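Novice: Okay, handing you the structure first.
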Amino acid sequence: MSRKNILNLRYPIVGLSPMDGVTDSAYRYITKKHGNPDVIFTEFTNVMGMSQAGQHVIKDFHYDKTQKPIVAQIYGKEPEYFYHVAKIACELDFDAVDINMGCPAKNVASSGSGAALIRTPNLAREIIVATKQGVVDWANDGKLTGLPEKTLAAVVDLKKELNAQYSTRKVLPVSVKTRIGYSEPVTEWWIKELEKENPAWISLHGRTLKQMYTGSADWDEIKKAVKTTEIPILANGDIKDYSDIKKVLDLTGAQGVLIGRASFGNPWIFKGKKFEDISLEERVKVMIEHTKKFVELNPDPKAFVQMRKHFGWYIKGFENASAIRVKLMQTNSVTDVEQVIQEAGIPLSF
Ligand SMILES: Cc1cc2nc3c(=O)[nH]c(=O)nc-3n(C[C@H](O)[C@H](O)[C@H](O)COP(=O)(O)O)c2cc1C
């Protein structure tokens, strides 16, 4: 049996991993433009919040066409909300729906969502079934049902803004992103459990929930997963540069990889370029472009603090970088940022 294809992409796939608080629409726009990963995921979004709330949560599903193919990532523990949010993702013309079964954060896992689902395999399977039912029902009748008025209104508004359009209603693939175990690796057992519901692919971070982000990702466990199933596997965890992509693919036989933290301030990683080889002028140019995009999408001045962490990721690795970073951490606007850069004597090449 040959492996299914993922979103009609050629193997191996190199994608941007979902990262809450980082991979927002501005980050994804910049990463796609300067790195062009094969596939991109949204930050995870809570299914209860999304199906019950209005504008402020729906906004997590903002993207633009340049980011396609784009996968909506969702998390929670109530199958019925997964059903509804899967339909919303279809309505907004996403390319797939991904279920988070990997988040180890206390506020997520302690309520039974994210990586905690590894301990409740029956619920995990019910969630996949409900999500798949949502995409099938939407493909059949194109209807959103059972949602509060304010959620429906927010979806209609966002759909207009995204100019979402589909020539035919299709059944979106449903995938899972997970870890190799809860406290100990149980990779083969867990992959077999997931396989019963036939997800379109599985993205696998080679750590347990208990490890959080400590230690190193166990690529040998990912290899076990690839051997265990015919479902395509995207290997994830600790890919630090482009040469690691080949290493992990050769070792595991996976159909692709997802890169997370190594893309911070470094969209060029997806093009095989080393961060050190990108000129400071180029990095600063992209940092300012990123800042402008962020402000365009988040005009509320209070939101600007969320942009500041990115400055620290772009501005590093040269003599007075830390002094410039300190100043950038106090900025509140694009003009402030440009001023710090000019005062530092870095030419603005645009
Ligand atoms: C700040 C941060 C936020 C994250 N948020 C998510 C998320 O929303 N959904 C998800 O599936 N994984 C999330 N992750 C996990 C990453 O997608 C990825 O699995 C992990 O960082 C390992 O890959 P890396 O070593 O390439 O970073 C997050 C990781 C970080 C560092």
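Novice: Antiparallel DSSP bridges in the chain: what percent, to the nearest 5? If you can, show how the numbers build up before the last one.
Specialist: Details: 1 of 32 bridges.
Counting only bridges with both partners in the chain, antiparallel ones make up about 5 percent.
Novice: In percent, what relative contact order does the chain have, based on Cα pairs under 8 Å that are 6 or more apart in sequence?
Specialist: Numbers: 659 pairs, mean separation 57.5, N = 350.
Relative contact order comes out at 16 percent.
Novice: So, one more: Using 0.36 nm per residue, how much length does the chain from V326 to Y213 gain when fully extended, once their Cα-Cα distance is taken away?
Specialist: Working: separation 113, 0.36 × 113 = 40.68 nm, distance 2.64 nm.
Extra length from V326 to Y213 when fully extended: 38.0 nm.
Novice: Sticking with the crude label model, points 7 Å out along Cα→Cβ, report the distance from A303 to E195 in nm, one decimal please.
Specialist: 4.4 nm
Novice: Follow-up. Could you rank the peptides 281-289, 335-343, 123-131 by their average count of other C-beta atoms within 10 Å per residue, with the highest value first? It would help to have the intermediate numbers written out before the result.
Specialist: On the way: 281-289: 18.3, 335-343: 15.8, 123-131: 21.2.
Most protected by this proxy first, the peptides run 123-131, 281-289, 335-343.
Novice: If you find the alpha carbon centre of region 254-270 and of region 144-194, how far apart are they in angstrom?
Specialist: Value for the Cα centre distance between the two parts: 22 Å.
Novice: Provide the gained length on full extension for the span D250 to R169, in nm with one decimal, where the gain is 0.36 nm per separating residue minus the Cα-Cα distance. Mind showing how you got there, number by number?
Specialist: Working: separation 81, 0.36 × 81 = 29.16 nm, distance 3.74 nm.
Between D250 and R169, full extension yields an extra 25.4 nm.
Novice: How do the peptides 171-181, 76-86, 190-200 rank, highest first, by the average count of neighbouring beta carbon atoms within 10 Å per residue?
Specialist: Details: 171-181: 24.4, 76-86: 22.8, 190-200: 18.3.
Highest mean packing first, the order is 171-181, 76-86, 190-200.
Novice: Here is a further query. Ignoring everything except DSSP H segments at least 4 long, calculate the 222 nm mean residue ellipticity for the chain; use -39,500 (n - 2.57) per segment, divide by total residues, nearest 500. Each step should come with its number before you reach the end.
Specialist: Values: 14 runs with 149 residues, N = 350.
Here the helix-only value at 222 nm equals -13000 deg cm²/dmol.
Novice: Moving to a separate point now. Say a paramagnetic label sat at a point 7 Å from the Cα of K316, along Cα to Cβ; which residues of region 198-214 have their backbone N under 17 Å from it?
Specialist: 213-214
Novice: Now a separate question. Considering only Cα-Cα distances, which of the following residue pairs are longer than 30 Å: K160/K246; K87/K274; K224/K271?
Specialist: Checking Cα-Cα distances, K160/K246; K87/K274 exceed 30 Å.
Taken together, the values in this text are just the output of simple stated rules run on the coordinates, not laboratory data. Because the structure is a prediction, the values reported are computed rather than measured. Positions of Cβ are backbone-derived with ideal geometry, glycine not excepted, and every protein chain shown enters the neighbour counts.
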